[in-house]
1. Within the range 40-77, restricting attention to residues that are touching a Ser or Thr at 6+ places or on another chain (Cβ under 6 Å) and outside any helix (DSSP H, G or I), which residue is nearest to Gly21 (Cα to Cα)?
2. Which of the residues that make up the range 10-45 are free of Cβ contacts under 8 Å to residues at least 40 places away in the same chain, under 13 Å from Arg63 (Cα atoms), touching a helix residue (DSSP H, G or I) at 6+ places or on another chain (Cβ under 6 Å) and not aliphatic (A, V, I, L, M)?
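Derivation of every value follows stated rules applied to the coordinates shown; laboratory data play no part. Since the model is a prediction, treat every value here as computed from it, not as a measurement. Every residue, glycine as well, gets a Cβ built from its backbone with ideal geometry; the counts of neighbours run over all protein chains shown.
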Amino acid sequence: MEGGGSSHLGEVVRNRRRELGLSQDGLSWALEELGVRLPRSSLSRIENGQALPDAHQFAGLCRVLGLSPVALLESLLAGGREAPLEAPVETLLREAEEFVGSGAVRAARGRFEDLLDALRR
């Protein structure tokens, strides 16, 4: 997905990275320390709205940047496009659930589905 939700996600990542005083290389290194591979070039593409992180990268970005995955998805919904956003985020949530394997992701998914229902009304 280009533009819309992906560009909003990129803006959130870029703004939070800058708030923390991290360079793209610094964020990439911090992620590597967690076992998450996200080269600076890939981070740049995410920040510029040209790519979306996979579930493992998304979880790592949230952890390093101190962002709640649910809050980040809510932010994505608030600033992103409507219809095309649903399928990629659903896939991202499913991958995150498999990655994390905890009830917290299932609860977040339920909350996210409630938000989608509210947007459809």
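1. Per the stated criteria, the residue is Gly49.
2. Within the range 10-45, Ser28 is the sole residue that qualifies.
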